[in-house]
Amino acid sequence: MRSLFSILCFFSMTLHAVDLSTSGEVYGFGVHRELFPEWTGNLDLRPQFEATQGERLKFLTRPRLKASTQTTKFQFDDLYLNYFATETLTLTAGIQNYQWGPAELLSPSNPLFHLQQGSRSLLFRQRGLVLLKTIYSISPDLIVTGLAEPVSYMERDWIAGKDYAPRGLIKIERRFKNAGNYLALVGGRMDDKTAFVGQYGSWYPTEVFSLYFDARETETNILATLGVRYEGDIDTRAEYVYNGFGYDETQWRLALLTGAFLQPSGLELPKRHYLYLSLRTDKLGKGDSLRVSLRYLASLQDGSGTIITPIEWSFADSFTAILEPSFSHGGKTSELHLGSSYEILGAVRFAY
């Protein structure tokens, strides 16, 4: 049996923007704002255990204990069994995190795993779903994947007022001579029992430059990401997201007035047009011990945005220090500026 143990201790300071007026504006934002700090401390234990039986069976589990100044929570991020039936067929059952797609912000063609608040943080780790997975390789370059989620596991409602319903999909991926060039077709059923089709693909015209897309369509609308990436000393991405399911400005104001935006809406992003920029480099220090990133998400409808600049420093064999300052900007009722204005998160990670 092989094991990996990780301890993550982190603190965060959040500056909230609060309106003290009684002007009657939507939730009181924007007339007289004051900032007040909120401190939290957290401990995150993430062990991993792996065992194999011969060449056909593999068991892996990643339990997790999260403790903060307010709550303590235990969960399994992963807990599954792999069965390598043949050289071309693999069966997996259990709690798994299985994602795909070339985009960094979100993968529209994968409606099983949703975009979550904080998912761009270095400290975020996706909790898995109870999945039955089948992977069949028709050839080395043509792979068929089947996924079914028969039951829910610690999932919050994705759409308010709608009970959980089993989901599933089939994905066919074709890879070309350059492994970075691929094209895939996806089809299945989403949270609200709606049928969908999806596609994603990537093309490298040069060794360091790529174009990619990821999309999902239903009978009524489309969610799509178009992106470009340059993989030089500074890994650079720019992505445009069109969310046809989102609010226009009139619908957004109504959602604010009624409080509907506070309820799970089934939307990956609230509005319709976004720009996402990402820069990442490990060339600032000796070797790759220092890694610096910049991630910026902007709403092209109301001009609001949020920026996060994660910094990682591996100062010893098993220790990494992390600092994540973030800042949001926008108007009085803009979507990316409704919550915290500033946040500073610091962490020390120990792994062996």
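The values are calculated or read from the model by the stated rules, or taken from the named source; none is laboratory data. These numbers come from a predicted model, not from an experiment. Glycine also receives a Cβ, built like all others from the backbone with ideal geometry; neighbour counts cover every protein chain displayed.
Considering only region 216-241, state which residues are surrounded by fewer than 19 Cβ atoms within 10 Å (Cβ to Cβ) and over 19 Å from residue 279 (Cβ atoms).
217, 218, 219, 220, 221, 222
Look through region 214-235, keep the residues that are within 18 Å of the chain's Cα centre (by Cα) and touching a residue at least 40 places away in the same chain (Cβ under 8 Å), and return whichever of them is farthest from residue 107 (Cα to Cα).
Top of the filtered list is 227.
Report the residue count in region 103-145 for those that are in a strand (DSSP E or B) and of a type in the set (Asp, Glu).
Qualifying residue count for the region: 0.
Since residue 208 meets every condition but one in (1) modelled with pLDDT of 95 or more; (2) under 30 Å from residue 167 (Cβ atoms); (3) over 17 Å from the mean Cα position of the chain (by Cα); (4) of a type in the set (A, V, I, L, M, F, W, C), which condition does it not meet?
Among (1) modelled with pLDDT of 95 or more; (2) under 30 Å from residue 167 (Cβ atoms); (3) over 17 Å from the mean Cα position of the chain (by Cα); (4) of a type in the set (A, V, I, L, M, F, W, C), the lone unmet condition for residue 208 is (2).
What number of residues within region 48-85 satisfy the criterion of being at positive phi and of a type in the set (Ser, Thr, Tyr)?
Total satisfying the criteria: 0.
What is the residue count in region 319-339 for residues that are surrounded by fewer than 18 Cβ atoms within 10 Å (Cβ to Cβ) and either in contact (Cβ under 8 Å) with a residue 24 or more places away in the chain or not aromatic (Phe, Trp, Tyr) (or both)?
8
Within region 79-92, how many residues turn out to be over 22 Å from the mean Cα position of the chain (by Cα), part of a strand (DSSP E or B) and among the hydrophobic types (A, V, I, L, M, F, W, C)?
Residues flagged as over 22 Å from the mean Cα position of the chain (by Cα), part of a strand (DSSP E or B) and among the hydrophobic types (A, V, I, L, M, F, W, C) within region 79-92 amount to 4.
Checking residue 100 against (1) at pLDDT below 90; (2) surrounded by 14 or more Cβ atoms within 10 Å (Cβ to Cβ); (3) not in a strand (DSSP E or B), which test does it fail?
The number of the failed condition is (1).
Run residue 305 past the list (1) of a type in the set (Gly, Ala, Ser); (2) in contact (Cβ under 8 Å) with a residue 24 or more places away in the chain; (3) more than 23 Å from residue 336 (Cα to Cα) and report the number of the one that doesn't hold.
For residue 305, the failing item is (3).
Out of all the residues in region 63-82, which are surrounded by 13 or more Cβ atoms within 10 Å (Cβ to Cβ) and of a type in the set (Ser, Thr, Tyr)?
68, 80
Hey, which of the strands (runs of 3 or more DSSP E) in region 231-325, taking only ones fully inside, have at least 1 residues that are charged (D, E, K, R)?
So the answer is 235-243, 273-281, 290-299, 311-313.
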